[in-house]
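In what follows, a single structure is set out as structure tokens and then discussed.
The values are calculated or read from the model by the stated rules, or taken from the named source; none is laboratory data. Just so it is clear, the model here is predicted, and its values are computed rather than measured. Using ideal geometry, Cβ is built from the backbone for each residue, glycine included, and neighbour counts are taken over all protein chains shown.
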Amino acid sequence: MKVKMILPALTEAESPLWRPIKYSLFPPLGLATLAAFLSPEDEIDLQDQHVEALRLDDTPDLVVIQVYITNAFRAYGIADAYRKKGSYVILGGLHVTSLPHEAMAHADSIFIGPGEDTFPQFLVDFKNRTPKPVYTSTVRTLVGIPPIRRDLIKRNLYLVPNSIVVTRGCPHHCSFCYKDAFFEGGRTFYTQLVDDALAEIDRLPGRHLYFLDDHLLGNAKFAESLFEGMRGMNRVFQGASTVDAILRGNLIEKAAEAGLRSLFVGFETFSPENLKQSNKKQNLEKDYAKAVNRLHSLGIMINGSFVFGLDEDDSDVFKRTVDWGVNHGITTSTYHILTPYPGTELYKNMETAGRILTRNWDRYDTRHVVYKTMGLSAEALEKGYWWAYETFYSWKNIFKSSFRHDSVKHIAKHFLYTGGWKKFEPLWNFIIKTEGLNAMLPLLESILSKVKPRNGGERQPDRPELIRPEPLTLH
Ligand code: B12
Ligand code: SF4
């Protein structure tokens, strides 16, 4: 059977918001995971519109499309075109799960939730010519799933071909997060067997890994065994965690010993009231600065995530947030405008209150205001968002923030990582055009090499914090 698998681009290449390097980071792991359930005889063509022009002139037997909120309209267009030609089209992913009725109009079958249980069921039905219109995931396990079809990934087109997910979901329940809606009807947090995760790591060439798990430290027992198993594997890796997990026990030290060199952390709001409204209980009363210092003392760089537009935010929130990041030596910052994704608690609350302003999903990219704001006008919110990016990534602040570290190596790493990510766009574009992105991996690996901090720790911020910030994670 001929199978076409497509990840439509999250942003159009013509859009001014298109940044080739951002969209050339990770391969389509979800589709490669599903491909593993197909038979070795199937002819599979896996295409990722982020890194290649889609070829749509074929007529495969089966078309599998992954739908996120901001690629939904593109996904529907592609689906409609293939259905017209007679291919059987199936749609799944986060947005289909949030809005099945919308997706149904563009598919022969749709999939609700993760696909590891439903996709193999569908394949049997499809073979027997009895496919159902809707498949809903109920069995949540990663035990016994076949190895991801990484052979289908065009490694040279990505900066981080070794992305990996060893868990699904997260133990927390933040009201703005996709997680509870996506995993409804079954377990919302589960892990691979440690041995399977280690075997998957072993199959990956090179040294660098990027764990895309929502919360790599979410199951302490699993994470501890994973890090134990990874010691001596000579890997460097990046991942994501919440502040409370960084502060608890000594898991973070174990992660550092196993090769953790940079961590995505949600520091998203400084307001306890915002945290409570977002059901981010796990991070209330936690000391951000302490978490930052702990990571820095282990030589771990930080990608801080911050949300603007929560109901308690005022016009000072942008400056406060940027200053805090710079003064605490945060390596990179990701700012988001609060976005109520359909299916989330936040969306339901806003819809009930009549606060949803548009259902143009293209605008649900965390860069546009799509709801009626409270403390700030929509204009001030968008303006402040862009100001924050510009200011945090000014050369002046990159220097200032880099020099927050004691060790010369950490200063250099911080400077190169931040500058490289935000200041060399034309160079990245050139490298991408010449398909040399994968050749940059050794450079990334060396930037992520181990730091031995002098004086056993990091410099504290010069001035005490006026407000102790609390995290709110959109990762
Ligand atoms: C990698 C990633 C990206 C990549 C996307 C490209 C890529 N190669 O995947 C990049 C870096 C480009 C990206 C960008 C953004 N991202 Co992102 N990203 C992720 C991340 C970390 C991992 C995705 C992944 O690989 N998951 C692992 C695989 C195994 O799961 P999966 O892809 O969901 O696939 C499974 C199922 O969905 C299902 N499935 C999927 N498709 C189909 C199809 C069929 C037919 C079937 C049967 C099943 C099926 O089966 C798979 C196996 O179970 C997720 C977080 C997460 N843990 O998922 C966030 C996430 C998807 N991103 C998110 C966001 C918010 C963004 C941004 C908007 C943020 C920003 N402002 O920068 C931007 C998009 C910008 C834009 N203009 O839209 C949100 C999405 C929220 C939502 N409701 O849509 C997530 C969930 C993070 C979060 N917790 O909030 N992202
Ligand atoms: S925002 Fe982060 S911590 Fe909260 S539920 Fe989602 S993944 Fe978990």
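The single condition from (1) away from ligand 1 (no atom under 12 Å from the Cβ); (2) at pLDDT below 95; (3) among the hydroxyl-bearing types (S, T, Y) that Y158 fails is (1). In the set G343, G329, only one residue is on the phi > 0 side of the Ramachandran plot, touching a residue at least 60 places away in the same chain (Cβ under 8 Å) and surrounded by fewer than 22 Cβ atoms within 10 Å (Cβ to Cβ); that residue is G343.
The residues of the range 244-284 that are in contact (Cβ under 8 Å) with a residue 60 or more places away in the chain, crowded, with 24+ Cβ neighbours inside 10 Å, more than 19 Å from G375 (Cβ to Cβ) and more than 16 Å from ligand 1 (Cβ to nearest atom) amount to a single one, R261. Residues of the range 81-132 that are in contact (Cβ under 8 Å) with a residue 60 or more places away in the chain, farther than 19 Å from R55 by Cα and assigned to a helix (DSSP H, G or I): L94, H95, T97, S98, F119, P120, L123, F126. Quick one: S315 ticks every box in (1) outside any strand (DSSP E or B); (2) more than 30 Å from M350 (Cβ to Cβ); (3) in contact (Cβ under 8 Å) with a residue 40 or more places away in the chain except a single one, so which number is it? Of the numbered conditions (1) outside any strand (DSSP E or B); (2) more than 30 Å from M350 (Cβ to Cβ); (3) in contact (Cβ under 8 Å) with a residue 40 or more places away in the chain, the odd one out for S315 is (2).
Taking the criterion of being part of a helix (DSSP H, G or I), more than 16 Å from ligand 1 (Cβ to nearest atom) and in the same structural domain as K423 (by TED's automatic domain parsing), would at least one residue in the range 299-308 satisfy it? For the range 299-308, residues part of a helix (DSSP H, G or I), more than 16 Å from ligand 1 (Cβ to nearest atom) and in the same structural domain as K423 (by TED's automatic domain parsing): absent. Checking each residue in the range 39-60 for being touching a residue at least 40 places away in the same chain (Cβ under 8 Å) and either within 26 Å of the chain's Cα centre (by Cα) or not in a loop (DSSP other than H, G, I, E, B) (or both) picks out E43, I44, D45, L46, Q47, D48, Q49, H50, V51, E52, L54.
Checking the range 61-80 against the condition returns a match, with at least one residue being touching a helix residue (DSSP H, G or I) at 6+ places or on another chain (Cβ under 9 Å), assigned to a loop (DSSP other than H, G, I, E, B) and without any contact (Cβ under 8 Å) to a residue 60 or more places away in the chain. Only one of the listed residues (D48, D61, D57, D42) is touching a Pro at 6+ places or on another chain (Cβ under 7 Å) and not assigned by TED's automatic domain parsing to the domain that holds R363. That residue is D48. Selection within the range 146-170: residues that are without any contact (Cβ under 8 Å) to a residue 60 or more places away in the chain and not in a strand (DSSP E or B). The member of this set that is nearest to ligand 2 (Cβ to nearest atom) is C170. Quick check on the range 194-217: of everything there that is among the acidic types (D, E), within 13 Å of ligand 1 (Cβ to nearest atom) and closer than 21 Å to G144 by Cα, which residue is surrounded by the most Cβ atoms within 10 Å (Cβ to Cβ)? Applying the filter and picking the extreme gives D213.
So is K280 of a type in the set (D, E, K, R) and under 23 Å from the mean Cα position of the chain (by Cα) or not?
Working: of a type in the set (D, E, K, R): yes; under 23 Å from the mean Cα position of the chain (by Cα): yes.
When the stated conditions are applied, K280 passes them.
Against the numbered list (1) farther than 22 Å from L251 by Cα; (2) buried (at least 21 other Cβ atoms within 10 Å of the Cβ), D125 comes up short only at (2).
A single entry from T339, T358, T366, T373 fulfils the requirement of being part of a loop (DSSP other than H, G, I, E, B), in the same structural domain as A291 (by TED's automatic domain parsing) and touching a Phe, Trp or Tyr at 6+ places or on another chain (Cβ under 7 Å): T339. Across the range 17-38, the number of residues qualifying as more than 8 Å from ligand 1 (Cβ to nearest atom), touching a residue at least 24 places away in the same chain (Cβ under 8 Å) and not polar (S, T, N, Q) comes to 8. The residue that is nearest to ligand 2 (Cβ to nearest atom), counting only those in the range 182-192 that are surrounded by fewer than 21 Cβ atoms within 10 Å (Cβ to Cβ) and of a type in the set (A, V, I, L, M, F, W, C), is F189.
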